[in-house]
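Asker: Below are the structure tokens for one structure; questions will follow.
The values are calculated or read from the model by the stated rules, or taken from the named source; none is laboratory data. Keep in mind the model is a prediction, meaning the values are calculated, not measured. Accessible surface is based on the protein model in full, side chains and every heavy atom, while ligands, DNA and RNA are left aside. Shrake-Rupley method; radii C 1.70, N 1.55, O 1.52, S 1.80 Å.
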Amino acid sequence: GNYNKVDGLLEWPTTKNGRPHAIPIPRRAREILDGLTPNEHGLYFARVYNTAEPMRCYSCNKLIKSFVEDTGTPHFINRDLRRTFKTLAGAAGLSKEIRDRLQNHTLQDVSSKSYDRWNYMPEKRAAMKKWNTFAQAMLNKKHPKPAREKRGLSIRTAADDAARQAA
């Protein structure tokens, strides 16, 4: 896949189900990707041995394996990320249908298979906006902003509060 900076999309011309796929990405991911420079072929995620072609979808597993080995992070695989997103996006209020569409799961009913050629991009964008709000709230809880003292003169963190309570 590749990053389309103008439209804020990750795009794959062909996926394992044989169809193209595109997903809008949340604001925080765009901020990270906007800091990257594409290669000489305009690709953000190119194949290692043929940099004129986009990385294949299963290359993510290799990247995760390297990340786990390099950082000592507990073992996980791509499917774990997909499962976690699917579950948390449900908690964020995204319908199963839109979660399936974001993950490029093929819908097997006759209408979806034979007649529906709509790309659902407006619905995907709305869902990812909702997901971004939910994910950012989770990150803010995990990494709380410093709280100001009543007089506004000093700043303390949640870690400082915990240390005071333990003393």
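Asker: Percent of alpha carbon pairs in the range 20-101 separated by more than 19 Å?
Answerer: Numbers: 1866 of 3321 pairs.
Cα-Cα pairs of the range 20-101 separated by over 19 Å account for 56 percent.
Asker: Full extension from residue 130 to residue 30: what is 0.36 nm times the residue separation minus their Cα-Cα distance, to one decimal in nm?
Answerer: Numbers: separation 100, 0.36 × 100 = 36.00 nm, distance 1.53 nm.
Gain on extension, residue 130 to residue 30, equals 34.5 nm.
Asker: Step by step: find N for the range 62-131, compute 2.2 N^0.38 Å, then divide the Cα radius of gyration by it. What's the final number?
Answerer: Working: Rg = 15.5 Å, N = 70, 2.2 N^0.38 = 11.1 Å.
It is 1.40.
Asker: Given a 1.4 angstrom probe, what's the average accessible area per residue across the range 21-66, in square angstrom? Intermediate results must be reported in sequence, preceding the final value.
Answerer: On the way: 3130 Å² over 46 residues.
Roughly 68 Å² per residue, with all protein chains present.
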